[in-house]
Every structure is written in structure tokens, then in C-alpha cells.
Amino acid sequence: MVKLKFLIIMKELVSRKVYFNAIIKTKIKYMIKFPKIFVAVASIIGLLCLAVFFILMIIPGIEPDPINIIFNQPVTENNIDKIDNFSSPEQFKNYLQEATMQNGYLGGFIQSNMAFESAPMDDSSFATKEATGIGGGGGEPERVSETNVQVAGIDEPDIVKTNGKEIFAYLQNYYYKSPQPVFDRSVEEINIAPDMKYLEPSIKAIKAFPAEDLKLASEIDKQGEMLLYKNVLIIFSGDKIYGYNISDANNPEEIWNVDFSDKKTYLVTSRLYGDKIYIILNTYVTPETTCPIPLLKDASGEVELGCKYIYHPVVSVPTDTAYTIVELDPNTGKVDKRVSFVGSNSGSQVYMSENGIYVSYYYSGDLIKYMFNFFNENKDIAPDWIIKKLAKLLTYDISDQSKLTEFMTLFERWHNGLNNDDRLMIENEIQDRMSDYSKNHKRELEKTGIAKIDLDNMKVSSAGSVPGVLLNQFSMDEYENNLRVATTVSGSNMFWGWDSNNSESDVYILDKNMKQVGSVLGMGLTERIYSVRFIKDKGYVVTFKQTDPFYVLDLLNPEKPEIKGELKIPGYSSYLHPIDKDNILGIGKEDQKVKISLFNVADSENPFEQDKYILDEYYSEALNNHHSFLMDDKHKIFFMPGSQGGYIFSYKNNKLELVKAVSEVQAKRALFINDYLYIITDNNLVVLDENNWERVGELEF
């Protein structure tokens, strides 16, 4: 994978040889005149970009766009949080042209393959539908599980959905019914094997309740994740969204579709809240893009994104993407409202609360201000006139690219006035002091911008920024009108790029206007965040390098958040799930094997691992996809898939016990209907009685 990404980068760099020739000529010019100072100053730009690339490479859930990172230039401090909408096509065009100068080079941009990950929530991250007053046995089920989501009541798309009577499952793999694993057989053996079976990728509609009536009702010839709203199954299939009436599961009927196949737009993620679907789209924009922007085609026809629906920071920032949130009627497939804002396509995450949708993106800080502060703190290195010129340069209403050119010109003037002895001394002093300066000012160059979209009026109500990079959607959480954000700062050295000896993690609290009101800094020096969970007025953060520091944060006072407790144990947890107010479940790894930890957090100052279980597994989808995890509070059990089968654990009496293992299946998901646990695999469905864990049904596809 790394080799492939490297080849892609090199191919793109070669295709941009004209642009790079210009850069190289400029760099050679300065290298000839002041070779070592050039290394100490001019190469900062390239090294910073390289550092950012490696930061994003090592953080799971973030697929960096290498070309965008390489050309992304710094953003002026504090311009992210002041926003406005475009008033005319001319203003939109001018803004994008200015943004091109910010980016350095925007043409030929490659959209990243990064996925917007979903993530978990408060005490009830497992969701259960209950039909009040309705008995089990033949009518309606009493208990039905829902997809494990971040915020209770806000559904997220997944490959399995149920309405309590039918199960809808998107199954996509080849199936070989053979005692010998496929990877142990030659191509010739596979091609002639009589026991080989091909499972066509499709969505299976399965009659599931009552359990004794288990059967395949029908198949929908579509592929993709789903949402389920009453009798409408919403399918996200490539560049289209379909709505199917599934009131008769034997004969599902397509009733609408949304198409954005011929646009520079792709689906990022979606949510279902109340009676509305919210889809988040990403549209690639260039200086040639004009508004209104063609967005998609819904049931009523073409939908465009007018200028007034597009928001932007009041000062031009690097821009290659328009993020659009579309409110969709699940019954008709028609667009009700839409709103958009422009920003960078790097390191984006999406989090939705009951009040709003938050979309984040990565950008680099103000390099000119960074250098001004460096020389202002080290006044014995540079003459006073250089510092004054840099201070004035900060006030100029010009692009960052132009400021960078002026910056290099100032250094050329300074260098030409030095004798050889002074040059040698200054070159060494800059390099030595910059190394220390970078450690103390690492939060100034790595930034994440966050835009908040209010659900009431579907407008971008506010925006803000925090230092560092987000891991996934769990890195954001709203509580009592404040947004809590967890980030990792790389600690990149301005000369040597990524510096793992100085990376650390923070939590920031932003108020309803996205202004920072509190922070906890410096967790896990030399480490990065592996998992985050915010639960009401508490926060739980796991960082990792060799051991697993498990931090408990007190966030009751948003202006004075603090670390209350810390626990260091082997391994790490990459997913945290609340059992109750005193216990947190962690799923991660230790010595390369899947580890389950049960943390007691009743005393915030003294958390401890009260039990753990090491599975004979090297991987579980639950490590990085919370949708594959299921908890049933009634029976005090949870399910998680593995590479060798599915596992059911009890957590009764604060002890972890493996009560059932379902072998020889590629388990994907599990759900419960009443007291029956349904385990869905790529080739069959197994039903277990939760009272005794016996198999009571099986359906092969």
C-alpha cells in the first residue's frame, strides 16, 4: 500500500514538472546565494509538508491526499472562525482565484480516497427499539437492536438493518464451501473445485421473525450501505442513492433515486435523524468553477447549489472542496434544504448531534507569523530591521504565497550583507534554535478547521479551529452546547519532519460560537491518540506507542477541564464503549492479538483494568468500525466479529467471559430480536437462543 501511494505521488509530481521546475529554479537561486540559510529556512516548507503527510499516514481512518498536502500553503491565524456566504458569482470566482494562490497549484488535483468514519456516544450507544405493550410470540417483537451509533437516535448507514421482522443485509464476498481455506489452494484447484460457490453482491431481504420462519424473502440488485426509515430502505450505491418501499419484503419496489454520477461530487457519509436524511457531499472546485454549482438530480429534477448557499471564511484560505449538507425527504427522495462551505479536502471528519452537523478539515498554520515569532524571540540572531519588516509583512492584504516570496527576498538582502564568518555562525544558530523552538510552538503549524451547520435553519452558524489532527468522528462530541475536540499534534521538527519524540495529544472545548474556552494539553508525550470517548461530563482518551495510557478527563467545568486519572497498561484500545457509568469496555490489541479490557472508572482519579481477555485473533472489524459491535444490556453480553468466527462475551459481575464462539463463518454483524441473536455472515445467517446459546436456526444464502 505504501509503495502504491509512493508511485502515485511520483507520477503526479512528474506530471507537474513545469510547476516544479519553477520551484526548483527559485530554490537553486537562493541556494547559490545562501546555501545553509536556505536549508534552515526555505526547506521548512517542503519538510513541513512531508511531516504532515506522515502524520496523516500513521493515523487510522485518515487517508491523506498527498498532492493536496504538498501544495497546501499556510492559513492566516484566526481567519477560519469568521464566515459569510457568497453574494454573487463574481465574488465566488474571485475567492477561488485567491485560494489558488494560497494552494500554490490547484490544477489537476486528485481527490483523496479518505473516508469519513463514523463513531460512538453517551450511556446508550447501543440502541434498542421497544414495542410497548406488545408481546413476543407471533405478533410484534418486544426488543429489536439497532446499529451501534455515536449518538442515540441519529442513525448511521451500515451493511445490515432490521425493522424487527425482516433483516436487510448487503453481502458482497465470494463464498467457498470447502474445508480447505481458499488462500491454501492454487488457482487451478479453485477453478475446478466442485464445492466452490459464487455469492453475487446484493442486498438480501430476510424473513427473520418469528425465528422459526427464517427464510430468504427477496434480493435487491444493488450494492452499498443502508438506512431504514419506516417502510423505506435507503441504499447508498456508488454515485446514486435509492429509496425502496419494503412494506412487502417479498417484492421490494424502487420508489425514487438521487443521482450525482455526472458531477465532480461524491458522497461522504449520511445520517438519519427524525424524518430527514442528511447527506454530506464533497465537490471538487477549481478557479474555473462557477456558481450555481450543479449538485445532483433528485426526484424533481436538477438541483443546483446557488452562491447564497455557499459559506466561506472571510479571508481567503486554501480551497479545493465544497462540503455540502443536503436535507432529503426519505419518502420522496426530494431535496428540502442544502448548505455548503468551502475548505480543504485533507483529514476531514463528520460528527452529528441533535443540534447540528460538524465537519472538520486539516490545514497548515501561518508560516510567516511562525517565523516572525521565532526571530522576535531570538533577537540576537537577526537585525532589528528584519523583525520590523516581518511584522509589517503580517499586516499586508496579500496572499500567503506573496508573503512567502517577500519573506525570502528579505532573507536574501540580509544574507548578502553578512561576511563569511557571520554566515557560518548564523546558519548554525538558526538550525539549533529552530529545533528547540519547534518543540515549544508545535501547535502553531498543524490546524483543524471545524464548521458547524445548524439543523433548524440549515445554515453555517459558526466555525472555529483547534491545533492538531483528528482521529475520527469520535474525536468530536457536543454536550450542553459545547463541542469537545480531541487532537494529536505531531511535534514535527522544522528540519527533520515528523518527530515522534515530541508528539502529544490535547482536548479542546469550544462554546456554541466555536470559541475556545478550555483545554487539556500534553497527553501521551511521544504517542498519538488511538481512541476517544466522551460521555456526558467525562472524557476518555487512549494514547499509545509502547504502553496504553488510559486517561480520564473531568469536563464538568468547560473552562477548566482537567486530567483526573491515568492508567498505563500493555497494548492499546482502539474502540471504547460504555457499559454503565462506572465501566468502560476497550477493544484493541496486545502483543499483536485482539484484547478486550474492562476499565473501572468509578473513581476518576484511580481507574483500573478490572479484567481483560486476549483472543486468539489478530484482527476484528470492531477495532476500527463500531457498527460491527453489538451490546445487549438485558443479557449482559456483547458480540464482536473475528477473522475465525463470531464471539459472544458476558460482562456480568464485571467479569469478561466468552460464552459462545461461532466458528467457520466470516461473521460481519449481529443483532437481536427479542431473545434471539442473529449472526450475519457473507454466506449464511445463524440464530442463537440467548437464554441457552443453542442454535435454533440457520439460513444459507
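Highlighted here are the strands (runs of 3 or more DSSP E) found entirely within the stretch 567-672 that include at least 1 residues which are charged (D, E, K, R) and either more than 22 Å from LYS538 (Cβ to Cβ) or free of Cβ contacts under 8 Å to residues at least 12 places away in the same chain (or both): 583-590, 593-600, 630-632, 657-663. Of everything listed in (1) of a type in the set (Ser, Thr, Tyr); (2) modelled with pLDDT of 95 or more; (3) more than 24 Å from LYS161 (Cβ to Cβ), the single unmet condition for TYR678 is (3). Each residue in the stretch 596-614 was checked for being surrounded by fewer than 23 Cβ atoms within 10 Å (Cβ to Cβ) and either of a type outside the set (A, V, I, L, M, F, W, C) or closer than 18 Å to LEU658 by Cα (or both), and 13 of them qualify.
When the stretch 394-410 is limited to residues that are part of a helix (DSSP H, G or I) and in contact with a Lys or Arg (Cβ under 7 Å, 6 or more places away or on another chain), the one that is surrounded by the most Cβ atoms within 10 Å (Cβ to Cβ) turns out to be LEU410.
For the stretch 401-460, the set of residues classified as hydroxyl-bearing (Ser, Thr, Tyr), out of contact with any Pro (no Cβ under 9 Å at 6 or more places or on another chain), over 14 Å from ILE381 (Cβ atoms) and touching a residue at least 24 places away in the same chain (Cβ under 8 Å) consists of SER402, SER438, listed by residue number.
Every listed requirement among (1) surrounded by 19 or more Cβ atoms within 10 Å (Cβ to Cβ); (2) modelled with pLDDT under 90; (3) over 30 Å from TYR309 (Cα atoms); (4) not charged (D, E, K, R) is met by PHE374 save one, (2). Could you list all residues from the stretch 545-560 that are at pLDDT below 95 and either hydroxyl-bearing (Ser, Thr, Tyr) or not in a strand (DSSP E or B) (or both)? Matches in the stretch 545-560: LYS545, GLN546, THR547. Taking the stretch 305-334 as the range and being in a strand (DSSP E or B) and under 26 Å from ILE277 (Cα atoms) as the test, the residues that pass are LEU305, ILE310, TYR311, HIS312, THR321, ALA322, TYR323, THR324, ILE325, VAL326, GLU327, LEU328.
Suppose we keep only residues that are among the small types (Gly, Ala, Ser) and either in a strand (DSSP E or B) or crowded, with 20+ Cβ neighbours inside 10 Å (or both) within the stretch 486-504. Which one would you say is modelled with the lowest pLDDT? First the steps, then the outcome.
Here is the first cut: in the stretch 486-504, the residues among the small types (Gly, Ala, Ser) are 486, 490-492, 497, 500, 503.
With the extra rule that they be either in a strand (DSSP E or B) or crowded, with 20+ Cβ neighbours inside 10 Å (or both), the set shrinks to 486, 490-492, 497, 503.
Values: ALA486: 98, SER490: 83, GLY491: 69, SER492: 63, GLY497: 51, SER503: 88.
Only one residue fits best here, namely GLY497.
Selection of the stretch 411-453 for residues being assigned to a strand (DSSP E or B) and of a type in the set (S, T, N, Q) yields only THR448.
Could you list, in sequence order, all residues of the stretch 631-667 that are in contact with a Gly (Cβ under 9 Å, 6 or more places away or on another chain), modelled with pLDDT of 95 or more and crowded, with 17+ Cβ neighbours inside 10 Å? Even if it seems obvious, please write down each step before you answer.
So the first thing to find is which residues in the stretch 631-667 are in contact with a Gly (Cβ under 9 Å, 6 or more places away or on another chain), and the list is 639-640, 660-667.
The next check asks that each one be modelled with pLDDT of 95 or more; those that pass are 639-640, 660-661.
Matches in the stretch 631-667: PHE639, MET640, LYS660.
Considering the stretch 431-485, the residues that are closer than 10 Å to TYR358 by Cβ and of a type in the set (Val, Ile, Thr) include one that is surrounded by the most Cβ atoms within 10 Å (Cβ to Cβ), namely VAL485. Select, from VAL517, VAL507, the only residue that is without any contact (Cβ under 8 Å) to a residue 60 or more places away in the chain, hydrophobic (A, V, I, L, M, F, W, C), surrounded by fewer than 20 Cβ atoms within 10 Å (Cβ to Cβ) and in a strand (DSSP E or B). On inspection, the qualifying residue turns out to be VAL517. Residues that are in a loop (DSSP other than H, G, I, E, B) and within 26 Å of GLU302 (Cα to Cα) within the stretch 345-380 comprise just one, ASN345.
Taken over the stretch 525-541, the criterion of being surrounded by 24 or more Cβ atoms within 10 Å (Cβ to Cβ) and in contact with a Pro (Cβ under 7 Å, 6 or more places away or on another chain) is satisfied by ARG533 alone.
Among the hydrophobic types (A, V, I, L, M, F, W, C) and farther than 15 Å from PRO558 by Cβ: which single residue out of VAL542, VAL507 fits that description? Lay out the reasoning, then the answer.
On the way: VAL507 fails: farther than 15 Å from PRO558 by Cβ.
VAL542 is the lone residue from the list that is among the hydrophobic types (A, V, I, L, M, F, W, C) and farther than 15 Å from PRO558 by Cβ.
Of the residues making up the stretch 182-202, one or more are surrounded by fewer than 13 Cβ atoms within 10 Å (Cβ to Cβ), within 30 Å of LEU267 (Cα to Cα), modelled with pLDDT under 85 and of a type outside the set (Ser, Thr, Tyr).
Residues that are more than 25 Å from ALA152 (Cα to Cα), touching a residue at least 24 places away in the same chain (Cβ under 8 Å) and assigned to a strand (DSSP E or B): does the stretch 238-250 have at least one? No, every residue in the stretch 238-250 fails to be more than 25 Å from ALA152 (Cα to Cα), touching a residue at least 24 places away in the same chain (Cβ under 8 Å) and assigned to a strand (DSSP E or B). Which of the residues spanning the stretch 343-371 are among the polar types (S, T, N, Q), under 16 Å from the mean Cα position of the chain (by Cα) and modelled with pLDDT of 90 or more? Correct list: GLN349, SER353, SER360.
The values are calculated or read from the model by the stated rules, or taken from the named source; none is laboratory data. The structure presented is a predicted model; accordingly, all values stated were derived computationally and were not measured. Note that each Cβ is placed from the backbone with ideal geometry, even for glycine, and that neighbours are counted across all protein chains shown.
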